[in-house]
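Data block below; observations after.
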Amino acid sequence: MEDPKLIAERIIQNVERVIVGKRKEIELAITVLMCGGHLLIVDVPGVGKTMMARALARSTGLTFRRIQFTPDLLPSDITGVSIYNQKTGDFEFRPGPIMAQVVLADEVNRATPKTQSALLEAMEERQVTVDGVTHRMPQPFMVIATQNPIEYEGTFPLPEAQLDRFMAQIHLGYPSPTDEVLVLDAQQVQHPVDSLEQVTNATEILQLQAAVKEIYVDPLIKQYIVALANATRQHEAVYLGASPRGSLSLFRTAQARALLAGRDFVTPDDVKALAHATLAHRIIVSPGARVKGTTPEEVVTACLNRVPVPGARARA
């Protein structure tokens, strides 16, 4: 197998042709893909959330489907339906758009909770059940959901159970003036995503995911990850802290970050760099703290400051 770092770097550079000036966010998206997780992108309209998903799918050669979530969307519109075939006398499964390797759930909070729940089984168990029959998802499988944090009219907030199934949450933000000029230049004739070439394939992605699991994590680093997650549960401003799934997400993404850096071991800096992306969206701030303006990101920052880093005492 080719060096995993080189494969990941090729994907990052390819996606950068479409998403300009957002290398950190692209690296995090690739990190989630390398871990076999799911990504939630929360940002205002027009900053490239959908293009990020399309560019990632094109670069990797994975099958791509886009689901536009609306209030009238039904669960069967996502998972698929069983249709009676008069010729054979049997019911045939017609797969829905969820049966793809990269699925874009666009504006996921615009669908009703019943429809949102259609994603739960697919995201966690990697399968869908229709009329009592279970169908396995293709591998690799990744859900990229987008959400607009500005408009709340006609939306249904994602329940904690669904938020917890996203390995990480990112914010793209507006590009710098220089990068925005580059975007205008790149799209003068055609959109860069239309000419984007495939730089890897599903087999190499699966090999990447296997390589991530081989990265060494010291027991002290594991204790540090658990201590961070536990600190969010005991924070005075928190109603509900990060779950054990959050600890696992931080653990796995730290392995992937080490692999991207060309290391075969995880450092405390890997954990600290990914704590906000993997833990903040799992935290529910108490009503009293919310009135004071406390955010989940501030809670994670406070926990990072409170929990001692492995080895820090020895260095001191």
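Since every read-out is calculated from the coordinates, none of them should be taken as a lab result. All figures in this text were calculated on a predicted structure; none of them were measured in a lab. When we count neighbours, we look across all protein chains shown, and the Cβ atoms used for this are built from the backbone with ideal geometry, even at glycine.
Values for this structure:
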| item | result |
| --- | --- |
| Options Ile41, Thr295, Val128, ranked by Cα towards positive dipole end of the chain, top entry (Cβ charges) | Thr295 |
| Theoretical ellipticity at 222 nm over the chain - DSSP helices of four or more residues, -39500 (n - 2.57) apiece, nearest 500 | -13000 deg cm²/dmol |
| Residues Met52, Met167, sorted so that the one with the fewest Cβ neighbours within 10 Å comes first | Met52, Met167 |
| Backbone N within segment 1-36 under 13 Å of label point (7 Å from Ser195 Cα along the Cβ vector) | 17-18 |
| Likely footprinting exposure, Phe156, Phe141, fewest C-beta neighbours within 10 Å first | Phe156, Phe141 |
| Asn148-Arg290 FRET efficiency (beta carbon distance; Förster radius 30 Å; 0.05 resolution) | 0.90 |
| Ascending count of other beta-carbon atoms within 10 Å, so fewest first, for His191, His235 | His191, His235 |
| Beta bridges by DSSP in the chain, antiparallel share as percent, to the nearest 5 | 40 |
| GNM flexibility winner over the chain from Gln234, Gln147, Gln190 (Cα, springs under 10 Å) | Gln190 |
| Extension gain, Asp131 back to Glu236 (0.36 nm per residue minus Cα-Cα distance, nm) | 33.2 nm |
| Debye, to nearest 20: dipole size of the chain, +1 on Lys, Arg Cβ, -1 on Asp, Glu Cβ | 740 |
| Glu297/Glu124 FRET efficiency (R0 22 Å; Cβ-Cβ; nearest 0.05) | 0.30 |
| Cα-centred dipole magnitude for segment 114-188, charges only on beta-carbon of K, R (+1) and D, E (-1), debye, nearest 20 | 300 |
| Coil-residue trypsin sites (Lys or Arg not before Pro) of segment 238-316, DSSP, other Cβ within 10 Å capped at 11 | Lys292 |
| Computed lengthening from Val226 to Val44, 0.36 nm per intervening residue step minus Cα-Cα distance | 62.2 nm |
| Within segment 59-102, trypsin sites (Lys or Arg not before Pro) in DSSP loop having at most 13 other beta-carbon neighbours inside 10 Å | Lys87 |
